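Enquirer: Would you mind keeping the following structure in view while I ask a few things?
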Amino acid sequence: MVQAIPEPPEAGVVNALRFGSDTFRFLEAIQARYSDAAQLSVPGRPPIVLLTNPQLMREMLDRPETFGRVPAQDSAALIAEQGLVQSDGELWRQQRSVMQPAFAGRQVAAYADTTGRRVEQLATDWGARGERGVNLHREMTSLTVRVASEILLGEDIGRERAAEFHEWMATAGREFEFGLDVATPDWLPDRISPEFETAAANIRGLAEELIEGRRAALAAGDHDGPPDMLTMLIRAEEDPEVNYPENQIRDEVATFLIAGHETTALSLSYTLSLLSQYPDERERVRAEARSVVGDGPLTHEDVESLPATKRAYREALRLYPPAWAVFRRANTDAQLGDYRLEEGAAVIAPLWSLHRDSRHFEAPEQFDPSRWERRNPGAVDAYMPFSVGPHACIGQAFALQGATLTLARLVSEFDVDVAPGELDDLRVTPTLRPQNGVRATVRPADR
């Protein structure tokens, strides 16, 4: 029998305020109290539906025509309106088809090899500087954005640009921080800060610079490397079946400058932080890594020799999923499982609380990589750090391989000790971000 989604007994606006002001505590309470879903009815805006059942989440994500992505609006549209992460329907299918070869087969191996080479340079730099304090998130951002730009866009943006990009992303994180606006009417306009407008313009400007550089190189016959994502996008313009909206390539490049590095930089920061808190797990990863690390950079061929490292990374993704929730909108009145949803409803699959639910994970608050020896991550319905369905993360193979090699190389040689409490005040933006970076001390490990 089709039924209404239950609502918490408190007024909808009160719950929305709790959701916006103490997001994770509220989500965990909803997760514990409701086995399928809960609805918050807020005056002046469509209801908010919080899913708590992994089967309902997967059903929603498997039905993109009914539960569509939330279009980029206001401040978000200043960076990109129609990149692969934002687009839907026919445009998404076209772009996914154009870009898919850049994320498969040899390109995954090339990404891993590029990561291995870059992290080798980082390890050399850390070793030369000796013991010192670092902002771990900044270090991981610099590494991953340079890898992403090199393998996806064919050009390393360099150390200085990577540092600038980190600051632009910090500004964007402050602009997009989740808050009390979830309880305000839809018709109230967003207030966009001048700092964000500048950061967004800089991101767009970098994207345009990379595109124009590649167009010039292709026209002159100077680009003879493998066909990376940017080259594929430009060459697809000649295909009569491909119809780009205005600024589409710029939107894709800006989107992947962000999406191609951000979640990996965050997840590496959180994994190294957890390994710092659990020294026995760090020693387990270190012993494995030292048996694999040789005289040169690690490569994609080494990934299969690093199962303990991979398990540690997967477990960090469970506890601290960088994409802490998946957001959709009901395109029409719809049924999901046994429940009615009204057109326009904001439907949220909160991975943070799902991944910490004792109904699905034993000792869910504990960092326990060995749980992935006993369970196949792909067979656990409640584990979906890269989302699922047609819109699942196109770069998840990149992330798993690149992160595994990065962790192995750094942990083999260094103690990365994160200051206590650094993960206690994470900011809820479209991703899960540290407010002021992640303070850490890097020192050579004992041998």
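The values are calculated or read from the model by the stated rules, or taken from the named source; none is laboratory data. The structure displayed is predicted, hence computed values, not measured ones. Glycine gets a Cβ as well: all are built from the backbone with ideal geometry, and neighbour counts include every protein chain shown. Accessible surface is based on the protein model in full, side chains and every heavy atom, while ligands, DNA and RNA are left aside. Shrake-Rupley method; radii C 1.70, N 1.55, O 1.52, S 1.80 Å.
Enquirer: Of everything in the stretch 290-334, what is open to solvent by 60 Å² or more (accessible area, probe 1.4 Å), part of a strand (DSSP E or B) and not basic (Lys, Arg)? Give them in sequence order.
Expert: Phe327, the sole residue that qualifies.
Enquirer: What are the residues in the stretch 118-144 that are of a type in the set (D, E, K, R), surrounded by fewer than 17 Cβ atoms within 10 Å (Cβ to Cβ) and in contact with a helix residue (DSSP H, G or I) (Cβ under 9 Å, 6 or more places away or on another chain), if any?
Expert: Within the stretch 118-144, Glu120, Arg132 qualify.
Enquirer: Only residues that are under 19 Å from the mean Cα position of the chain (by Cα) and among the β-branched types (Val, Ile, Thr): list them for the stretch 83-113, please.
Expert: Across the stretch 83-113, the qualifying residues are Val85, Val108.
Enquirer: Here's a follow-up. Collect the residues in the stretch 335-358 that are part of a strand (DSSP E or B), modelled with pLDDT of 95 or more and within 21 Å of Phe178 (Cβ to Cβ), keeping them in residue-number order.
Expert: Hits for the stretch 335-358 are Val347, Ile348, Ala349, Pro350.
Enquirer: Turning to a different aspect of this structure: How many residues does the stretch 376-404 contain that are at positive phi and either touching a Cys at 6+ places or on another chain (Cβ under 8 Å) or surrounded by 20 or more Cβ atoms within 10 Å (Cβ to Cβ) (or both)?
Expert: Residues in the stretch 376-404 being at positive phi and either touching a Cys at 6+ places or on another chain (Cβ under 8 Å) or surrounded by 20 or more Cβ atoms within 10 Å (Cβ to Cβ) (or both): 1 in total.
Enquirer: Now a separate question. Go through the stretch 414-439 and report how many residues are under 22 Å from the mean Cα position of the chain (by Cα) and closer than 28 Å to Ala128 by Cβ.
Expert: Counting residues in the stretch 414-439 that are under 22 Å from the mean Cα position of the chain (by Cα) and closer than 28 Å to Ala128 by Cβ gives 7.
Enquirer: Is it true that some residue in the stretch 114-133 is within 19 Å of the chain's Cα centre (by Cα), assigned to a helix (DSSP H, G or I) and in contact (Cβ under 8 Å) with a residue 24 or more places away in the chain?
Expert: Scanning the stretch 114-133, I find at least one residue that is within 19 Å of the chain's Cα centre (by Cα), assigned to a helix (DSSP H, G or I) and in contact (Cβ under 8 Å) with a residue 24 or more places away in the chain, so the answer is yes.
Enquirer: Oh, and also: Given the conditions (1) under 30 Å from Val253 (Cα atoms); (2) at pLDDT below 90; (3) in a loop (DSSP other than H, G, I, E, B), which single one is not true for Gly44?
Expert: (1)
Enquirer: Between Glu195, Glu209, which is in contact with a helix residue (DSSP H, G or I) (Cβ under 7 Å, 6 or more places away or on another chain) and either modelled with pLDDT of 90 or more or among the hydroxyl-bearing types (Ser, Thr, Tyr) (or both)?
Expert: Every option except Glu195 fails the conditions.
Enquirer: Also: If you go through the stretch 134-176, how many residues are within 18 Å of Val253 (Cα to Cα) and outside any helix (DSSP H, G or I)?
Expert: Qualifying residue count, the stretch 134-176: 4.
Enquirer: Can you list residue pairs whose Cβ atoms sit under 7 Å apart, with the first residue in the stretch 12-32 being more than 17 Å from Asp425 (Cβ to Cβ) and the second being among the β-branched types (Val, Ile, Thr)? Count only pairs 6 or more apart in sequence or on different chains.
Expert: Every condition considered, the pairs that remain are Gly12/Val42; Val13/Val42; Ala16/Val42; Ala16/Ile48; Ala16/Val182; Phe19/Val182; Ile30/Thr52; Gln31/Thr52.
Enquirer: Tyr270: within 24 Å of Thr431 (Cβ to Cβ), open to solvent by 10 Å² or more (accessible area, probe 1.4 Å) and either more than 17 Å from the chain's Cα centre (by Cα) or at pLDDT 95 or above (or both), yes or no?
Expert: no
Enquirer: Just to be sure I understand the filter: pairs with C-beta atoms under 7 Å, separated by 6 or more residues or on different chains, first member in the stretch 220-249 and closer than 24 Å to Phe398 by Cβ, second member open to solvent by 60 Å² or more (accessible area, probe 1.4 Å) and basic (Lys, Arg). Which pairs pass?
Expert: Going by the 7 Å Cβ cut-off, the qualifying pairs are Ile234/Arg215.
Enquirer: Across the stretch 405-447, which residue is most open to solvent (accessible area, probe 1.4 Å) among those that are in a strand (DSSP E or B) and of a type in the set (Val, Ile, Thr)?
Expert: Thr441
Enquirer: Quickly run through the stretch 335-367 and pick out the residues that are among the small types (Gly, Ala, Ser), surrounded by fewer than 18 Cβ atoms within 10 Å (Cβ to Cβ) and farther than 14 Å from Gln39 by Cβ.
Expert: Ser358, Ala363, listed by residue number.
Enquirer: Here's something else I'd like to know. Somewhere in the stretch 13-31, is a residue within 25 Å of Arg174 (Cβ to Cβ), in a loop (DSSP other than H, G, I, E, B), of a type outside the set (Gly, Ala, Ser) and under 26 Å from the mean Cα position of the chain (by Cα)?
Expert: yes
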